[in-house]
Amino acid sequence: MNVIWARMAVIFSLLLLVVGGLYLFVGHLSAVVVLLVFLLAVLAYYVYQVQRLWRVLDAPAYGEIPSALGLWGEVYYRLHRLVKRWRMQVLQVEQQHLRFIQAMQASPNGVLMLDDNDQIEWCNAVAEAHFGLNAKRDIRQRITHLVRHPGFVKYMSLHHFDEPLVIRDAGAYKQNVIEVEVFPYGENRKLLLSHDITKLENTEAMRRDFVANVSHELKTPLTVLTGFLETVRDLPLSAEDRARYLELMHGQSMRMQHIVEDLLALAKLEGDSEAPPMDTVPMARVMLQLQHDAEALSGGRHIIEVTCVPGINVRGAEMELLSAFGNLVSNAIRYTPEGERVHLTLRREGDRAVFEVADTGLGIEAEHIPRLTERFYRVDRSRSRDTGGTGLGLAIVKHVVSRHQGEFEVRSEVGRGSQFIIRFPSERSLIESDGPPRAAA
């Protein structure tokens with residue numbers, strides 16, 4: 001500021017000297033004319049510079065800062081520094097805002113920002129999916145006009161946000177379970193977060209079913225066993241009847257033992273986070289063993305066929321694979337009527353080893369196939385118990401195949417039979433040659 005006053009003092013001092021000299025040597029009229037012309041020129045110059053300054057101040061973010069001489073040059077120089085700092089601050093704020101938006105878009109949760117009238121100010125893509133919204137179309141729309149779930153409308157109207165709200169049948173396809181939380185902030189504004197808890201709900205439902213099924217599966221043989229024990233204890237029985245009851249009790253105890261063993265096997269598979277070893281499993285020997293097991297379990301009631309393409313082996317944990325293969329074979333024998341065929345196949349698909357068990361039994365309805373690998377899931381509960389199954393075999397198969405990075409497929413047609421197919425990845429398949437298929441010896 002002192003510099004400006006000093007420059008102004010110099011300019012007006014020079015002006016006074018010029019006007020005074022003209023007054024002394026030329027006359028007062030000429031001095032007045034020169035003074036007026038100078039003042040008009042200065043005024044015009046200042047008006048011009050003020051207009052330039054006005055245009056800059058009208059749009060400082062985009063306008064170019066002009067340059068000038070003298071005092072206005074100093075003004076523009078300082079204004080340029082000020083605008084430069086301001087533009088840097090604006091750029092930083094814009095970058096922070098962009099990063100914030102990107103972070104909110106990357107969130108696995110739905111995020112909605114509501115104003116004091118519960119109108120949408122902003123929402124991310126996840127929130128759009130959770131509530132069937134369109135961000136461009138629905139901005140400034142009241143959220144309860146768009147999400148008409150009765151529980152949600154009541155939740156928003158009561159303003160009791162201490163506990164989250166669970167909305168079932170939510171989402172674009174009305175199949176999800178969404179948990180909603182609302183956090184008031186600012187001047188009656190709200191931050192609404194939504195979480196898709198469908199998987200958690202399904203897991204909890206499976207846990208409840210599992211506990212109920214375990215209780216039921218163990219309760220039935222325990223009840224039968226208790227009844228037999230009371231009969232043996234309280235009633236005078238002949239040696240033949242006693243032997244028969246003891247045999248029945250032994251059968252029920254073995255059934256419980258099989259259930260516990262399968263549960264322990266499942267727990268071990270689920271608890272082992274390490275990948276199975278890459279040991280070579282000799283599949284020709286495995287197929288021969290499976291054939292013998294199938295024939296022993298069938299007791300001549302079925303036609304057992306085995307096709308084994310030579311030169312195909314698998315890398316993995318042999319005992320786990322034997323357990324998975326054995327469960328498929330035993331299921332086929334148990335659920336295939338007498339006189340029908342059970343066919344075991346080892347073949348290749350490109351560079352992948354494939355194990356398959358097919359039967360010509362009753363078949364399975366399509367609605368049951370997606371749930372076959374659930375624990376204790378049975379298509380026909382009474383028939384499953386009669387055949388001695390625990391309801392855990394296909395769950396074990398699923399986990400073994402998953403641990404070996406393979407694929408498990410079930411194909412079935414009612415009245416024509418079923419196919420249970422395990423495909424191993426190329427890194428766990430050892431294909432030595434293209435030998436012709438042969439029956440296991």
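Counting only Cα atoms, I'd like the Rg/Rh figure for segment 150-305, Kirkwood definition for Rh. Result for segment 150-305 is an Rg/Rh of 1.24. Each principal axis of the Cα cloud of segment 200-271 was evaluated for its coordinate range; sorted largest first, these ranges are 55, 21, 12 Å. Peptide packing for 345-353, 320-328, 407-415 was compared via the average number of neighbouring C-beta atoms within 10 Å per residue; ordered from the highest value, the list is 320-328, 345-353, 407-415. Quick one: net charge of Met278's neighbours, Cβ under 10 Å, K/R +1, D/E -1? Net of charged neighbours comes to 0.
Roughly how many debye, to the nearest 20, is the charge dipole of the chain about its Cα centre, given +1 on each Lys and Arg Cβ, -1 on each Asp and Glu Cβ, and no other charges?
2000
Grab the beta carbon distance between Val33 and Lys84, set R0 = 56 Å, and tell me the FRET efficiency rounded to 0.05. Rounded to the nearest 0.05, the efficiency is 0.80. Computing Rg/Rh (Cα atoms, Kirkwood Rh) directly from the structure and comparing it against (i) 1.39; (ii) 0.96; (iii) 0.98 singles out (i).
Normalised Debye scattering of segment 107-196 at q = 0.13 Å⁻¹ gives log10 I(q)/I(0) of -0.35, counting only Cα atoms as equal scatterers and leaving out solvent. Once the gyration tensor of the Cα atoms in segment 43-139 is diagonalised, the equivalent ellipsoid follows with semi-axes of 46, 15, 9 Å, ordered largest first. A dipole drawn for the chain from +1 and -1 charges on Cβ atoms has a positive end, and of Ala44, Leu328, Gly417 the residue lying farthest that way is Ala44.
Other residues with beta-carbon under 14 Å from the beta-carbon of Gln289 carry, at +1 per Lys or Arg and -1 per Asp or Glu, a net charge of -2.
By DSSP, the beta bridges lying fully in the chain are antiparallel in about 90 percent of cases. Enter the angle in degrees (range 0 to 90, nearest 10) between the Cα long axis of helix 283-298 and the first principal axis of the Cα atoms of the chain, meaning the one along which they spread out most. That works out to roughly 50 degrees. Treating the angle as unsigned and between 0 and 90°, give the value, to the nearest 10°, between the Cα long axis of helix 198-234 and the longest Cα principal axis of the chain. It is inclined by approximately 20 degrees.
Helix 239-271 versus the longest principal axis of the chain: what angle, 0 to 90°, nearest 10, using Cα atoms? The angle comes out near 20 degrees.
Where Lys and Arg each count +1 and Asp and Glu each count -1, what net charge lies around Leu225 among other residues with Cβ under 12 Å from its Cβ? Surrounding charge for Leu225 is +1.
In summary, the convex hull built on the alpha carbon positions of segment 280-431 has an orientation-averaged projected area of 8.1 nm². Label-to-label distance, Met254 versus Glu121, with points set 7 angstrom from Cα along the beta-carbon direction: 7.2 nm. A straight Cα-to-Cα reach below 16 Å connects Lys398 with the lysines Lys268, residues fewer than 8 places away in its own chain not being considered. Based on C-alpha pairs under 8 angstrom that are at least 6 apart in sequence, the chain has a relative contact order of 10 percent.
Dividing the helix sum by the residues of the chain, where each DSSP H run of 4 or more adds -39500 (n - 2.57), gives a mean residue ellipticity at 222 nm of -18500 deg cm²/dmol.
Values in this text are rule-based calculations from the coordinates and carry no lab data. Just so you know, these numbers come straight off a predicted model, no measurement behind them. Cβ: placed from backbone, ideal geometry, glycine included. Neighbour counts: every protein chain shown.
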